[in-house]
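Here the structure comes first, spelled out in structure tokens, and everything after it is commentary.
The values are calculated or read from the model by the stated rules, or taken from the named source; none is laboratory data. On a predicted model such as this, the values are computed, not experimentally measured, just so you know. Using ideal geometry, Cβ is built from the backbone for each residue, glycine included, and neighbour counts are taken over all protein chains shown. Please note that ligands, DNA and RNA were not included when accessible areas were found on the heavy atoms of the full protein model with its side chains. Shrake-Rupley method; radii C 1.70, N 1.55, O 1.52, S 1.80 Å.
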Amino acid sequence: MSAPTALTDPARFFLAPTQARHRQYEALRAYFVERRSSAEVAKTFGYTSGSFRVLCHQFRHDPDRAFFAEPIRGPHEQPKKSRARRLIIAMRKRNLSIYDIAEELRGQHIELSPTAITEVLREEGFSRLPRRKDDERPARTRPERASRADVRNFQLVPATFETHVGGLFVLLPLLVKVGLDRLADEAALPGSKAIPAAHALLAALALKLTSIERKSHVMDRVFDQGLSLFAGLNVIPKTTFLAQYSDRLGRSSSVRLLRGWLEHLRAHLALAGASFNLDFHAVPFFGQDEFVERHYLSKRSRRDKAVLTFIAQDADTDVLCYANADLRKGEESDEVLRFVDFWKKAHGQMPPHLVFDSKLTTYKNLSRLDAQGITFVTLRRRTDVLKRHVLNAPAAAWRRVELDVPHRKFRNPKVLDETIRLGRDYPAPIRQICARDLGHDEPTVLLTNDTRSTPRTILERYARRMLIENNLEDQVHFFHVDALSSAVAMKVDFDVTLTVIATGLYRLLGKHLHGFEHAKARQIFRRFLDTTARVEVSPQRVHVRLPRRAHNPMLLESGLLATPVAVPWWGGASLEVAFA
């Protein structure tokens, strides 16, 4: 026979009531419903025999007594909505939208939100208001309407104007130098008679270069003649065009654009490609799209809806060389092989050296990299077995090295250098380097097929890889990668491709500015490009005058703006930049 079950808290609520009314209810129920004796019930619930008989007598004569308090009901109608209901119905019959109705009610001192107005209309059986023409809308002050973007209406007519994006004209000689107009044609980007491919690319790139967060924010600059002049159009394309343009681009278009961009960039920037830092970045998604997959977000320390992006950075120049946001779950571990294939087709050789963390790929793909003669350094996950192995390693096997990493606090770690086997997914022997006293609670464990370099060299190289996270963070904030352009991965992929081009242009500009060769994009923008300008246009010449700023002498010294530059998408008209 099993032991009696202890009285649980929920059961105690009924069997040992603490409130007087509740105790009376349970005692009467036990007597009248469960047919227990009067003496037993009185003893169980703490009554004397006489007081319990009195309680039963009172209940027989007043069975409707209230044992439970009825909740106080609130009003069955909302005073504000009820008072305005008749007005709302009358206004909707006048073809007014919920926002028009809210504004008119506010004029009658009735504050009602658009949501509340929608609820009233739904209760009364009104459907959503169809899209109205301008002449059907109430007469009020409206935003001025800009012209339609059309390159056929672009002319360099004599004019003088102020622009808020004067810094774009500092970058314009670099764009001409790298041949961005030819790049659009070589990549076979889509275009139209109104907005050819080169002009569409320039318009989209202008938002990245000026750190405009979202495509919709271009409407704040739609009347800025400097922005449209930069793209060679009569006005800058509006939100709808910029949002829909990426719908016409697939992954193959982005790859052609990246390949062509690197080819053009390498002619002006020493991009040797001796070593690459690889990483993933999850772009968070805040909508309700059910097809967006969940990925780990380091900022939130949890998995959430996001678009996963693969990024490759040249270690020597800090230039982003490759990106792919068109990834699905289960494909991410093979992306390193796709990057290898991309680099081989673009430059005729394998990337010689790759550095990445433990979650980027699998042991099987590490074996494939080794078979292709590609050197790699990767972090190894610290399993319990690996921790015990490191802990039990003899003290004589560890030796101390000194890292030549400036400004690093922990520069003298102890290192355990050994050759191990990982299993059937990586059948060949592989080098494992364990390092402790690096400022972490757990030892750092690296795997590499580099058998020639010293542990010190490998540790210093991996420490440099950590800088990609800092650079990536800067690029995410400045170029607004996290301002997700769409739930469609292909549209995000084009946005990230533009970020790769923009970072390359900023790095090329930094190369010409003494002391800013490795400066972050936001620093270069703040000191040199975030400025207004006065523009004087004539049919054969565009003269841009930049206001006086502290860092202008460095721009003058760079030689970028020393001579006029013929701009192909201006019909050969020249650009001259001067300083106040």
Legend entry - Contacts under 9 angstrom Cβ, first residue in segment 349-364 being free of Cβ contacts under 8 Å to residues at least 60 places away in the same chain, partner assigned to a loop (DSSP other than H, G, I, E, B) and of a type in the set (S, T, N, Q), 6 or more apart: Met350/Gln372
Inset, instruction - Might you check whether a residue that is surrounded by 11 or more Cβ atoms within 10 Å (Cβ to Cβ), within 38 Å of the chain's Cα centre (by Cα) and of a type in the set (D, E, K, R) occurs anywhere in segment 97-104? - result: yes
Legend entry - Top-ranked residue in segment 379-409 [being of a type in the set (Val, Ile, Thr) and in contact with a helix residue (DSSP H, G or I) (Cβ under 7 Å, 6 or more places away or on another chain); ranked as modelled with the lowest pLDDT]: Val405
Inset, instruction - Examine segment 93-111 for a residue that is touching a Phe, Trp or Tyr at 6+ places or on another chain (Cβ under 7 Å), assigned to a loop (DSSP other than H, G, I, E, B), of a type outside the set (Lys, Arg) and without any contact (Cβ under 8 Å) to a residue 60 or more places away in the chain, and state whether such a residue exists. - result: no
Legend entry - Residue list for segment 518-556, restricted to those being in a strand (DSSP E or B) and open to solvent by 50 Å² or more (accessible area, probe 1.4 Å): Arg534, Glu536, Arg541, Arg545
Inset, instruction - Scan segment 11-54 residue by residue and report those that are within 21 Å of Phe68 (Cα to Cα) and either among the acidic types (Asp, Glu) or exposed (fewer than 11 other Cβ atoms within 10 Å of the Cβ) (or both). - result: Thr18, Gln19, Ala20, Glu26, Val33, Glu34
Inset, instruction - State all residues of segment 320-371 that are of a type in the set (Lys, Arg) and under 27 Å from the mean Cα position of the chain (by Cα); if no residue qualifies, say none. - result: Arg328, Lys329, Arg338, Lys359
Legend entry - All positions within segment 449-459 that are under 20 Å from Glu402 (Cβ atoms), touching a residue at least 40 places away in the same chain (Cβ under 8 Å) and open to solvent by less than 40 Å² (accessible area, probe 1.4 Å): Asp450, Pro455, Ile458, Leu459
Inset, instruction - State yes or no: is Thr239 open to solvent by 10 Å² or more (accessible area, probe 1.4 Å), over 14 Å from Ser147 (Cα atoms) and polar (S, T, N, Q)? - result: no
Inset, instruction - Output the qualifying pairs, or none if there are none: Cβ atoms under 7 angstrom, residues six or more apart or on different chains, first residue in segment 411-434 and touching a residue at least 40 places away in the same chain (Cβ under 8 Å) and within 19 Å of Arg464 (Cβ to Cβ), second residue part of a strand (DSSP E or B) and open to solvent by 40 Å² or more (accessible area, probe 1.4 Å). - result: Pro413/Arg436; Val415/Arg399
